[in-house]
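The values are calculated or read from the model by the stated rules, or taken from the named source; none is laboratory data. Predicted model, so just to flag it, every value in this text is computed and none were measured. Because the Cβ atoms are built from the backbone with ideal geometry, glycine has one as well, and the counts that use them run over all protein chains shown. For the accessible areas, the whole protein counts, side chains as well, though only heavy atoms, and no ligand, DNA or RNA atoms are used. Shrake-Rupley method; radii C 1.70, N 1.55, O 1.52, S 1.80 Å.
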Amino acid sequence: ASPASGEAHWIYGLFLAKAGRVAEAREHRELALALDPLEPMNTMNMGHQLFEDEGRPQEALPHYLKAIAKQPHPMKSLCLGNLYLAMHRDPDALNAYEKYLRGSGVTAEAAKELRDAHARSGWTGYWEKWLAVMTQNPETYYRWYDRAGIYDRLKQTNEVLTSLKASIENREFYATGIRNPNLWRPYHSDPRFQELLRMLRVDETSAPRLE
């Protein structure tokens with residue numbers, strides 16, 4: 001992609017965000033949106049900037065909703081569910097997660113079991129059931145990185161670190177988020193987390209630059 005294109009800026013902005021260079025990421029994401037405001041990915045990425053990197057879910061919400069309205073996708077519904085969860089909008093979070101699950105091949109029956117688990121045991125029961133559903137549906141695409149996030153919500157440290165390691169070993173793109181200093185804070189002092197950083201360490205002087 002040309003350095004003057006919106007695509008080039010959103011890709012580089014994502015790279016910067018995953019490296020923890022949040023201010024630089026915002027600059028490129030804003031440029032991408034200005035160059036191509038009709039591209040749903042640019043709108044979604046601006047939402048990621050506000051929510052995931054700057055901790056401002058209320059401001060991110062219109063970006064997520066606009067991007068999903070233009071171009072629905074299960075992974076976008078997953079992101080929207082995470083945002084609603086952070087805003088304590090539980091019914092909206094459940095609806096968004098169900099759209100992700102159904103769009104990813106999970107049966108209506110399994111989706112109902114998740115809702116029932118939430119009704120009985122709140123989010124703890126929901127996440128425990130989520131992991132069981134994903135295990136029972138191996139054909140469903142589910143990143144190890146996302147699995148680590150579920151274990152984080154369940155406060156299962158060993159499983160978090162094991163899943164993050166698997167994310168690296170499976171060369172998942174989002175594994176680079178492990179290097180973002182704003183993420184995974186409870187694990188930063190754990191020697192096993194430091195080993196994950198060593199596995200990911202890349203000399204930033206070799207990073208691509210947009211001229």
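If you take the beta carbon distance between N95 and R201 as r and set R0 to 25 Å, what does 1/(1 + (r/R0)^6) give as a FRET efficiency, to the nearest 0.05?
0.05
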Requested in this report: Please report the relative contact order for the chain, taking Cα pairs under 8 Å with a sequence separation of at least 6, and give it as a percent rounded to a whole number.
Outcome: 15 percent
Query raised in the report: So what are the ³J(HN,Hα) numbers for region 54-70, from phi and the Karplus equation (6.51, -1.76, 1.60; θ = phi - 60°), rounded to whole Hz, Gly and Pro as x?
Result: 10, x, 10, x, 4, 6, 6, 3, x, 5, 4, 5, 5, 5, 5, 4, 6
Query raised in the report: So what J values fall out for region 81-88 if you push phi through Karplus, 6.51 cos²θ - 1.76 cosθ + 1.60 with θ = phi - 60°, rounded to Hz, Gly and Pro as x?
Result: x, 4, 5, 4, 4, 5, 8, 6
Requested in this report: Taking only protein heavy atoms into account and a 1.4 Å probe, give the accessible area per residue of region 90-192 in Å².
Outcome: 53 Å²
Query raised in the report: In nm, to one decimal, how far is the modelled label at A166 from the one at A86, with both set 7 Å along Cα→Cβ?
Result: 2.5 nm
Report task. Set Lys and Arg Cβ to +1 and Asp and Glu Cβ to -1, take the dipole of the chain about its Cα centre, and tell me which of L200, T135, H9 lies farthest positive. Result -> T135
Report summary line: With N residues in region 75-151, Rg(alpha-carbon) / (2.2 N^0.38 Å) equals 0.98
Requested in this report: Could you order H28, H73, H188 by accessible surface area, starting with the largest, using a probe radius of 1.4 Å?
Outcome: H73, H188, H28
**Report entry** Dipole magnitude of region 61-204 about its Cα centre (Cβ charges: Lys, Arg +1; Asp, Glu -1), debye to nearest 20
**Finding:** 280 debye
Query raised in the report: What does the accessible area of S163 come to, in Å² to the nearest 10, when a probe of 1.4 Å is used?
Result: 0 Å²
Query raised in the report: Is the shape of the chain best called rounded, prolate or oblate, per the rule: a/c under 1.5 gives rounded, else a/b larger than b/c gives prolate, else oblate, with a ≥ b ≥ c the square roots of the Cα gyration tensor eigenvalues?
Result: oblate
Query raised in the report: Can you count the Lys pairs in the chain whose Cα atoms are under 18 Å apart, with each pair 8 or more apart or on different chains?
Result: 11
**Report entry** Karplus-derived HN-Hα couplings along region 106-116 (A = 6.51, B = -1.76, C = 1.60, θ = phi - 60°), whole Hz, x at Gly and Pro
**Finding:** 6, 5, 4, 5, 5, 4, 5, 4, 5, 4, 5
